[in-house]
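Everything on this sheet refers to the single structure shown next.
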Amino acid sequence: MALHAQKTNPGGVTDPEDVKGTILYKVVLSLARGRLPSSIMPYYAGGRLIGLRKPNGTARPIVIGESLRRLTGRCLFRTVDDDQTVAKHFAPRLFDAHPVKTQPVVAAQLGVALNHGLDMGVLGTVAALQCHPIVPEVAGQLPGWISIKIDLRNFFNSVQRGPMFKALLQIPKFRSLYPQLAVLYSRNVKGRLWVDLGESEWDDIVSQIGVQQGCIFGSFLSALGLQPLLEEVAASMEAGMLWAYCDDVTINAPPKIAVRARVKLICAIKTVLGVDEAPGKSSVSWFGADACADTPELLEALAELPTDMDGVSSRISVDKCLGTFLENGTQESAADTVAALVSKLDEKAEVLDHLDVIPDPKIRQDLIKWCISSRPSHWMRLMRPSATATPAAEFDARVRAAPLGQVLSPC
């Protein structure tokens with residue numbers, strides 16, 4: 001196995017051969033082959049668990065994986081991801097210059113080793129809905145599309161490991177990852193997540209299901225398990241789009257096709273991966289006319305969806321796709337979307353009022369760049385410019401007025 005290890009000389013010349021004799025290289029090579037003393041394996045397969053408070057008051061568990069494991073994982077991943085191999089596996093049609101359209105719909109996972117995959121999913125959904133609006137039905141006219149967003153309950157912590165590794169071994173180009181992953185996810189190895197419960201009290205939590213928190217291959221493995229199911233459902237669709245971003249699945253299609261695809265997909269995910277849908281966090285939306293007697297296909301589709309799904313009992317004025325606000329084509333929705341954006345920008349800007357408690361200017365700058373400005377930049381990039389222009393200018397002014405904010409241009 002040849003690992004990609006590089007060292008940069010003072011002159012700027014990179015020579016992989018310079019590090020091959022080092023202890024670190026030998027350790028990483030041994031770990032990549034799955035060779036590790038059993039006494040430390042539970043902790044190498046685990047990590048430190050930290051609980052962060054979510055806006056709704058519950059806790060979000062975050063695990064910091066062992067540094068040597070992360071380093072080994074990065075080196076291994078580079079051995080299989082030459083020439084965007086991973087992205088081509090999960091989103092093949094994006095890389096096919098002359099696709100043979102024997103199949104109308106091809107599944108795509110846009111959250112694995114694909115640059116700007118999130119942007120592709122959001123902008124693709126917006127374009128699909130605006131190009132296929134819901135209008136009063138006329139004989140011979142093609143139906144408009146709806147967008148069903150499926151939320152999978154606790155996906156990463158619940159997904160069955162068997163289907164992930166079965167998919168891994170069925171793909172020759174990914175088999176070199178198996179030695180290390182097989183050891184880390186072995187039934188004989190109980191990955192331990194250690195958590196600080198006080199000044200002197202610590203406890204261990206054993207990871208036995210789902211992808212291991214802190215594992216650099218977590219999203220990749222779960223996507224491998226999900227991909228065959230997405231492909232099967234996509235092959236059954238006569239029209240539309242089926243894409244996923246990690247555990248967020250979106251179906252854009254005519255109402256009948258979308259509803260049928262949703263049922264087939266959530267049944268397959270439950271049966272094969274052991275994961276349920278969370279209908280209360282899922283949603284359905286569309287662009288154009290409201291559901292009424294003149295849109296019978298839309299009414300029939302809504303009647304087949306769970307009543308607690310957003311958009312079923314009453315239409316959503318502002319939907320969200322991977323955190324981006326989506327309009328539905330009405331004037332009320334346009335105004336509500338701007339109001340929702342302003343509210344979120346105000347939440348981000350509130351942090352600026354407390355930056356003076358941080359003495360280190362570098363930390364202040366990093367907070368502005370990565371925590372305060374990154375999500376607004378995402379919104380401005382993907383939403384309608386006429387809707388974001390004024391909120392962006394106001395937010396930008398607040399950031400520039402903050403300590404060190406003048407060196408950054410968030411929007």
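The values are calculated or read from the model by the stated rules, or taken from the named source; none is laboratory data. Keep in mind it's a predicted model, so treat the numbers as computed, not measured. Note: ideal-geometry Cβ built from the backbone for every residue, glycine included; neighbour counts use all protein chains shown.
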Worksheet item: Would you pick out the residues in region 232-264 that are closer than 12 Å to Lys149 by Cβ and assigned to a helix (DSSP H, G or I)?
Response: Ala258, Arg262
Item to complete: Provide a single number: the residues in region 57-88 that are assigned to a helix (DSSP H, G or I) and either of a type in the set (Asp, Glu) or within 29 Å of Tyr44 (Cα to Cα) (or both).
Response: 20
Discussion item. Just to be sure I understand, how many residues within region 63-94 are crowded, with 20+ Cβ neighbours inside 10 Å and among the polar types (S, T, N, Q)?
Written reply: 1
Item to complete: Collect the residues in region 359-401 that are small (Gly, Ala, Ser) and under 19 Å from the mean Cα position of the chain (by Cα), keeping them in residue-number order.
Response: Ser374, Ser377
Worksheet item: Name the residues in region 64-96 that are among the acidic types (Asp, Glu) and under 30 Å from Arg192 (Cβ atoms), would you?
Response: Glu66, Asp81
Worksheet item: Taking the stated definitions as given, is Ser207 over 18 Å from the mean Cα position of the chain (by Cα), crowded, with 16+ Cβ neighbours inside 10 Å, of a type outside the set (Val, Ile, Thr) and not assigned by TED's automatic domain parsing to the domain that holds Lys88?
Response: yes
Worksheet, complete the sentence: Selection from region 239-271 of residues surrounded by fewer than 18 Cβ atoms within 10 Å (Cβ to Cβ) and either within 21 Å of Thr307 (Cβ to Cβ) or of a type in the set (A, V, I, L, M) (or both) yields Ala239, Lys256, Val263, Lys264, Cys267, Ala268, Lys270
Fill in: Elements of type helices (runs of 4 or more DSSP H) contained in region 305-411, each with 1 or more residues being of a type in the set (Phe, Trp, Tyr) and not assigned by TED's automatic domain parsing to the domain that holds Gly280
374-382, 385-401
Worksheet item: Is one or more of the residues making up region 354-363 of a type in the set (Lys, Arg), modelled with pLDDT under 95 and closer than 21 Å to Asp248 by Cβ?
Response: no
Fill in: Among (1) under 22 Å from the mean Cα position of the chain (by Cα); (2) surrounded by 13 or more Cβ atoms within 10 Å (Cβ to Cβ), the one test that Leu52 misses
(2)
